[in-house]
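Participant: One structure is given below, represented as structure tokens, and several questions about it will come after.
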Amino acid sequence: MHPLEESGPGEQALHAALMADPRRKVPQRELDAVEDADARDNYRLVLAFRDRLVQAGTVEACYMSLFKAPVDIPPLFVEQMVHVILRNILDGCDDPLLLRAAECLFRDQKATIQEGHALVADLETVEMHAAGNRYGSIGRLIVEAGALGKVDLDVLDRPNAALYWERESRYDTVISLTYGRPALEALGGVLEMWVKHFLRIGVRVQPIRRIEEARWAWHIGLDAESTAILNELWSGSEVEQGRMQRILALFALQFDDPRTMRADLAGRTIYLALCATEEGAVRMKPQNLLTSLPLHET
């Protein structure tokens, strides 16, 4: 049975009205007429998000407006906006590794580090299909480490990257963020395009093994954990080894034109980091890269 067939007449009437005119104003009396309390709350959330999108004019403008104040929409909506924006940025892309790396910006990942391999798989897929029993060669390492459970995993690399086209909607491939692996280079490329799309400036984002500068000028954590770790390291605090091992990737970002940087930082390298939580979850916040770059103020 379709969910609407189980709903009351108030919800059915509101649904029909919005299908006929998705931008119509919904008076309070129509919301009050929805019999189910959870459904009323859902409509309020969706309508508030719709109004925000319409007012902003573009998905990008709406996305950027979210971070000027505490975020007041469900995280799922934010992730879906990132997905839509990346779909636009990567339209026509024929590189499966770029497309798979881009998923890290809008879908939580599950990470494990095994014998020097930093591997990430889609968190929701891991949790939903933990009973699978066929693995790729490196994917087996994840399962044996006990970090991802029993999931059917294949690690994408250049030789087998075409697998992605058959399984892109299943989110069941793994990428290695180990230094020197092509998927890590691809993630850096996605970050370059992300900055270019929003800020209209060119940057180069290159993976690095470690930060060599003892007192670097600027850093940006791509998630909450990496922000905390980089802040502690920069201030001279000692970070416990277990936490350090959660750093999955480091990048050096350089501006194509140093004049677009803040004058006192022009030409300096900006360091980026991506980490996993203690539970192995990777929750990237791509907005950090847009809101924290030291840009020249015009």
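Participant: Note down the relative contact order for the chain as a percent, whole number, built from C-alpha pairs under 8 angstrom at least six residues apart. Could you put the intermediate results ahead of the total?
Facilitator: Values: 441 pairs, mean separation 43.5, N = 298.
Computed over the chain, the figure is 15 percent.
Participant: With each run of n ≥ 4 DSSP H residues scored as -39500 (n - 2.57), what mean residue ellipticity at 222 nm is computed for the chain after dividing by its residue count and rounding to the nearest 500 deg cm²/dmol?
Facilitator: Numbers: 13 runs with 121 residues, N = 298.
Computed ellipticity for the chain at 222 nm equals -11500 deg cm²/dmol.
Participant: Quick one: length gained pulling Glu278 to Glu238 fully straight, 0.36 nm per residue minus the C-alpha distance?
Facilitator: On the way: separation 40, 0.36 × 40 = 14.40 nm, distance 1.77 nm.
Extra length available between Glu278 and Glu238 comes to 12.6 nm.
Participant: Quick one: dipole size for region 1-73, taken about the Cα centre, charges +1 on Lys/Arg Cβ and -1 on Asp/Glu Cβ, in debye to the nearest 20. Write out the running numbers ahead of the final one.
Facilitator: Numbers: 9 positive and 13 negative charges, 107 e Å.
That gives a dipole near 520 debye.
Participant: Quick one: which residues, 5+ away or cross-chain, put their amide H under 5 Å from the amide H of Arg262? H built at 1.01 Å from N.
Facilitator: Leu295, His296
Participant: Looking at (i) 115; (ii) 151; (iii) 176, which value of volume of the Cα convex hull per residue in Å³ comes from a calculation on the structure shown?
Facilitator: (iii)
Participant: With a cut-off of 20 Å, note down the residues of region 11-37 whose backbone N falls inside the zone around a label point 7 Å from the Cα of Gln55 toward its beta carbon.
Facilitator: Inside the label zone: 22-29, 31.
Participant: A follow-up question, please. Extending each Cα 7 Å along its Cβ direction at Arg200 and Ala162, get the distance between those two points in nm, one decimal.
Facilitator: Result for the modelled spin labels: 4.1 nm.
Participant: Net charge around Leu295, counting only other residues with Cβ within less than 15 Å of its Cβ (Lys, Arg = +1; Asp, Glu = -1)?
Facilitator: Numbers: positive: Lys196, Arg200, Arg259, Arg262, Arg268; negative: Asp256, Asp257, Asp264, Glu297.
Value of the local net charge: +1.
Participant: Same structure, new question: Which percent, nearest 5, of DSSP beta bridges in the chain are antiparallel? Present the calculation step by step, with values, prior to reporting the outcome.
Facilitator: Working: 23 of 31 bridges.
Once the DSSP bridges in the chain are tallied, antiparallel ones form about 75 percent.
Participant: Please compute the modelled spin-label separation between Ala224 and Ala16, points set 7 Å along Cα→Cβ, answer in nm with one decimal.
Facilitator: In this crude spin-label approximation the distance works out to 4.5 nm.
Participant: Going highest first, how would you order 242-252, 208-218, 116-126, 85-95 by mean Cβ packing within 10 Å?
Facilitator: On the way: 242-252: 18.0, 208-218: 11.6, 116-126: 21.4, 85-95: 13.3.
So the order, starting with the most tightly packed, is 116-126, 242-252, 85-95, 208-218.
Participant: Something else now. Between Arg44 and His296, 0.36 nm times their residue separation minus their Cα-Cα distance comes to what?
Facilitator: 86.8 nm
Participant: Another question about this same structure. What does the accessible area of Asp38 come to, in Å² to the nearest 10, when a probe of 1.4 Å is used?
Facilitator: 100
Participant: Tell me the carbon and sulfur percent of the accessible area for the chain, rounded to whole percent, probe radius 1.4 Å. Numbers along the way, then the final one.
Facilitator: Numbers: 7970 of 15780 Å².
On the chain, the fraction of accessible area on carbon and sulfur atoms equals 50 percent.
Participant: Moving to a separate point now. Once amide H atoms are built 1.01 Å from N in the peptide plane, which residues 5 or more positions from Ile220, or in another chain, come under 5 Å H to H?
Facilitator: Amide H neighbours of Ile220, under 5 Å, 5+ apart: Tyr271, Leu272, Ala273.
Participant: What is the percent of Cα-Cα separations in region 1-129 that go past 20 Å? If you can, show how the numbers build up before the last one.
Facilitator: Numbers: 5101 of 8256 pairs.
Percent of Cα pairs beyond 20 Å in region 1-129: 62.
Participant: Any chance you could give the angle, 0 to 90 degrees and rounded to 10, that helix 224-234 forms with the longest Cα principal axis of the chain?
Facilitator: The answer is roughly 30 degrees.
Participant: A further question on this structure: For the chain, what does the accessible surface come to per residue with a 1.4 Å probe? Please give it in Å². Before the final figure, lay out each step's value.
Facilitator: On the way: 15780 Å² over 298 residues.
On a per-residue basis, 53 Å².
Participant: Peptides 186-197, 285-296: what's the order by average Cβ count within 10 Å, highest mean first? Before the final figure, lay out the partial values.
Facilitator: On the way: 186-197: 20.6, 285-296: 18.3.
Highest mean packing first, the order is 186-197, 285-296.
Participant: Could you list the residues of region 266-281 with an amide nitrogen less than 18 Å from a label point located 7 Å from the Cα of Glu212 in the Cα-to-C-beta direction?
Facilitator: 267-272
Participant: Still on this model: Exceeding 23 Å between C-alpha atoms, which entries from my cross-link table qualify? They are Lys110/Lys285; Lys68/Lys110; Lys68/Lys196; Lys68/Lys285. Show your work: numbers first, answer last.
Facilitator: Numbers: Lys110/Lys285 15 Å; Lys68/Lys110 29 Å; Lys68/Lys196 20 Å; Lys68/Lys285 15 Å.
Distance filter (> 23 Å) returns Lys68/Lys110.
The values are calculated or read from the model by the stated rules, or taken from the named source; none is laboratory data. What you see is a predicted model, and the numbers here were worked out from it, not measured in a lab. So basically every Cβ, Gly included, is an ideal-geometry build from the backbone, and we count neighbours across all protein chains shown. To get the accessible areas, we keep the full protein, side chains included, count just its heavy atoms, and leave off ligands, DNA and RNA. Shrake-Rupley method; radii C 1.70, N 1.55, O 1.52, S 1.80 Å.
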